[in-house]
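To start, the structure under review is shown below, and the notes come after it.
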Amino acid sequence: MSRDGDARGLEAEAAAAAEAARELREAAAALVATRAAEEDALRRRAVALDADVRRLQGSLPALDPSTVDKIEEELERARVAITDSDVASFLPSKRNGKFLKMFLGPVNVRVARKEDKLKIKDEYNNYRDRTAYKFLLFPSILLLLRWWIWDGCLPAWAVQMYQAWLLYLYTSFALRENVLIANGSDIRPWWIYHHYLAMVMALISLTWEIKGQPDCSNKQRGVQLFLRWAIMQGIAMHLQNRYQRQRLRTRIALGKAKRMDVVAGETAGVEGQLLLLYPVLFILQGFEAYVGVLLLQTALHGLASEWQVVVCGILLVVMAVGNFVNTVETLILKLRFKAKMKRAKNRQDRPHQN
């Protein structure tokens, strides 16, 4: 009898659990339906407001230039308020680019929560900082060991390990930046293309035959020049990271940028940093083009006639020109922004003077 009583008790409890599970399922379904309806309403409002802001921004060129600045500032604040908040999750999501599809397939990499998006951006910034140290450290070690241990001649395995790391580095940069773009970050397209070109160059360099003795100095001249350029690149990356963090904080405080933005164009920066950063960037770009031209010359003169030397030389020249053009555009946008801020300040001072 006790066993029968226990069985009936367990049967009743199991039936109660099944009933509770059914009721919970229905409550969850009702909640999901309610939330879906509310989300649809918010999504329609967000899309309509975003379309209105875009329409108004498109009408600005027809207005009097003296009245455009204030209207443009208000519309920019509205755009940032939409795209830099939880409202952004209700806007139509961007499709993954071809690069992400090639590596990840048709996977949606867009994050719904704003806090998670900011974590992705912070991790990208930290990765850039860590990479700047490695970019400066690795080629310096190779060049030092070349004289101290390897008798002025780099071993092939050391150079190829470095090139493999560069391939991994630029691939990870491109993947992270494409994910950031899918989540609303504003990154200049050139930097994405630059990393694609750098990936191709690193891949080609892996097939580059590293010749040793005799006459190692001339045979490895292109490799030595590339390593010296990499050291300068590491220094420039340190300066860029510091400056871009500063100017991005300035734009966010002014309501001119989203918290998800990584690299912005026009902005007020720290003048001391600018006086150091831009000359270093222009020198680096000139040296990059110089290395590319020297590689082409070594191929033409028969010192290193491999096709990898020719292709890497062309890629370095193309990247140097693209970097120079992008830096000049950024500088022009900055000067325009400063002139715009000065005009706005003058207009504010006029009523006080009257």
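No lab work stands behind these numbers, since they all come straight from the coordinates. Small disclaimer: the values here were computed from a predicted structure and weren't measured. Counting neighbours? That spans all protein chains shown, and the Cβs are built from the backbone with ideal geometry, glycine included.
Quick notes on this structure:
- Extension gain, residue 172 to residue 318, is 50.4 nm, computed as 0.36 nm per intervening residue step minus the present C-alpha separation.
- Packing, taken as the mean count of other beta carbons within 10 Å per residue, orders the peptides 15-22, 173-180, 128-135 from highest to lowest as 173-180, 128-135, 15-22.
- Beyond 30 Å in Cα-Cα separation lie the following of the pairs 117/334; 101/334; 70/98; 70/101: 101/334; 70/98; 70/101.
- Potential lengthening of the chain between residue 193 and residue 149 amounts to 12.1 nm, from the contour at 0.36 nm per residue minus the alpha-carbon distance.
- Simple label model, 7 Å out from Cα along Cβ direction - residue 43 to residue 68, nm: 3.6 nm
- Charge tally in the Cβ shell below 14 Å around residue 27, where Lys, Arg are +1 and Asp, Glu are -1, residue 27 excluded: 0
- Using a simple spin-label model with pseudo-atoms 7 Å out from Cα toward Cβ, residue 55 and residue 186 lie 2.3 nm apart.
- Residue separation of residue 32 and residue 13 scaled by 0.36 nm, minus their Cα-Cα distance, works out to 4.0 nm of gained length.
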